[in-house]
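K.L.:
To start, I am sharing the structure in question, which I have written as structure tokens.
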Amino acid sequence: MENAEKYMDGASFINKVLADLTDLTPENLIKVKYAVAAALQDIKLRVMSTELRTDRDDNMESIQAFIANKQSKNCTKGTIYQYCLSIRRMFTFCDRNFRDITSVDIINFINHLRMGAGLSETSVRNNLRNLSSYFAFLKTYGYITINPVELVELPAVHEKERQPIPKEEMIRLKDNAGLRNEAILDLLRSSGIRISELVTLNIEDLDFFGDRVLIRRGKGGDSRMAVMSTEARVHILEYLHSRTDKSKALFVTCRKPHNRLTAAGIRSMLKELARTVGVESNIFPHRFRHTMITEAAEHGLPDSSIQKLAGHKDVNTTMRYTHKSIDNIQMQHKLCFG
């Protein structure tokens, strides 16, 4: 005997949709709720039963368990967001329960990312890496017996050589930056901290006598110390002395109510500053980090020391940045062998 048709009321449907939108702000959730409610006016929703959908579809349950596991390991919100983005992309494309996803589905999904979504090879690999972590978790905890991503191989990709910011471009940026922005440029370049770490800094996190910067619970969940230059310290103090607000944040917006400066705000500032001074190369926060690591390596700082300053858990990550120019290598060779 066939089951009787089941219907879902609009409120239940809205709550089901909103439960999946964990990355939206409360204000945006309310907007979505009202928009969906308006669209569902006078519409009757029938619950479909298919082989791929059951009364208890536990895709979301598996995602929530995976996120909880990552949170227990002190993954940052940004990292967890990227995990969720990759997983939801896959489920949107595959439209089936996680237990039924095969390596063929993953390959088709990869092709979709390349051809349909137009993602770069690096972005495709990042998505695949995120999915591999998700399915590895499911396998470890007994949800599945085979990780479908393990069976997928991608051709090797030759990464573009990361280029530091040339000194002449850095001078042009600093000469036109203004008090606050010059302090930001100096701190990014001399300390090599991540943009996510910079925007969470408070004034009390800086030791102006020892030129040290306390990074609280940085990427990976561990607090660490970074080092700033004398020039950065001087410009930061000048900026702080010019402020009249009471915010504890190290960098704030120029306009009232002087909120904490955001990563998006700094990226926008750098882009506009580069455009204003005629710097054609791409200027973005992480490039300052790369510049610090590269210059430290070229001045002879060991990879192990750079690793500690940069907050890398794996020295291999540091070594990706510390490529030396052929001129630098030749000079060192001459010193050794004549």
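The values are calculated or read from the model by the stated rules, or taken from the named source; none is laboratory data. These numbers were taken from a predicted model, which means no experiment stands behind them. Note that each Cβ is placed from the backbone with ideal geometry, even for glycine, and that neighbours are counted across all protein chains shown. Ligands, DNA and RNA are stripped out before the accessible areas are found, and what is left, the full protein with its side chains, is counted by its heavy atoms. Shrake-Rupley method; radii C 1.70, N 1.55, O 1.52, S 1.80 Å.
K.L.:
In the structure shown, do any of LYS248/LYS313; LYS70/LYS256; LYS73/LYS308 have a Cα-Cα gap over 25 Å, and if so which?
P.N.:
Among LYS248/LYS313; LYS70/LYS256; LYS73/LYS308, the Cα-Cα distance tops 25 Å for LYS248/LYS313; LYS70/LYS256.
K.L.:
Can you list the residues, at least 5 places off or on another chain, whose amide H is less than 5 Å from the amide H of ASN202, using H built in the peptide plane?
P.N.:
When sequence neighbours closer than 5 places are left aside, the close amide H contacts are LEU250.
K.L.:
Also, I was wondering about something else. Shape call for the stretch 228-271 from the C-alpha gyration tensor, a ≥ b ≥ c root eigenvalues: rounded (a/c under 1.5), prolate (a/b greater than b/c) or oblate?
P.N.:
Oblate is the answer for the stretch 228-271, as a/c is 1.5 or above yet b/c matches or exceeds a/b.
K.L.:
Please list, in chain and number order, the residues 5+ apart from ARG217 or on another chain whose amide H is under 5 Å from its amide H, with Hs placed from the backbone.
P.N.:
The answer is SER223, ARG224.
K.L.:
Which value, in Å³ per residue, describes the convex hull spanned by the Cα atoms of the stretch 72-223?
P.N.:
With only Cα atoms used, the stretch 72-223 gives 169 Å³ per residue.
K.L.:
What does the accessible area of GLU150 come to, in Å² to the nearest 10, when a probe of 1.4 Å is used?
P.N.:
Surface accessible to solvent at GLU150 totals approximately 110 Å².
K.L.:
Give the residue list of trypsin sites (Lys or Arg not before Pro) in the stretch 226-275 that are DSSP loop and have at most 16 other beta-carbon atoms within 10 angstrom.
P.N.:
ARG243, LYS246, LYS248, ARG255
K.L.:
A further question follows. With θ set to phi - 60°, apply the Karplus curve 6.51 cos²θ - 1.76 cosθ + 1.60 along the stretch 234-247 and write out the HN-Hα couplings as whole Hz, x wherever there is a Gly or Pro.
P.N.:
4, 5, 5, 4, 4, 5, 5, 5, 7, 7, 10, 7, 10, 5
K.L.:
With a ≥ b ≥ c the root eigenvalues of the C-alpha gyration tensor of the stretch 68-139, is it rounded (a/c under 1.5), prolate (a/b larger than b/c) or oblate?
P.N.:
Oblate, because a/c is 1.5 or more while a/b does not exceed b/c.
K.L.:
Based on the alpha-carbon gyration tensor of the stretch 108-191 and its eigenvalue square roots a ≥ b ≥ c, which shape applies: rounded if a/c is under 1.5, prolate if not and a/b is larger than b/c, or oblate?
P.N.:
Because a/c hits 1.5 or more and a/b exceeds b/c, the stretch 108-191 counts as prolate.
K.L.:
Please compute the length gained on full extension between LEU154 and LYS167, using 0.36 nm multiplied by the number of residues separating them and subtracting their Cα-Cα distance.
P.N.:
0.9 nm
K.L.:
Tell me which chymotrypsin sites (Phe, Trp or Tyr not before Pro) from the stretch 99-150 have a DSSP coil assignment and no more than 12 other beta carbons within 10 Å of their own.
P.N.:
For chymotrypsin sites (Phe, Trp or Tyr not before Pro) across the stretch 99-150 that sit outside H, G, I, E and B with at most 12 neighbouring Cβ atoms in 10 Å, the list reads TYR141.
K.L.:
Follow-up. Got a sec to turn the phi values of the stretch 130-140 into Karplus ³J(HN,Hα) couplings, 6.51 cos²θ - 1.76 cosθ + 1.60 with θ = phi - 60°, whole Hz, x for Gly and Pro?
P.N.:
5, 5, 4, 5, 5, 6, 5, 4, 4, 5, 4
K.L.:
Quick one: what are the phi-derived ³J(HN,Hα) couplings along the stretch 74-89, Karplus 6.51/-1.76/1.60 with θ = phi - 60°, whole Hz, x for glycine and proline?
P.N.:
After applying 6.51 cos²θ - 1.76 cosθ + 1.60, I find 6, 5, 6, 4, x, 5, 5, 4, 5, 4, 4, 4, 5, 5, 5, 4 Hz.
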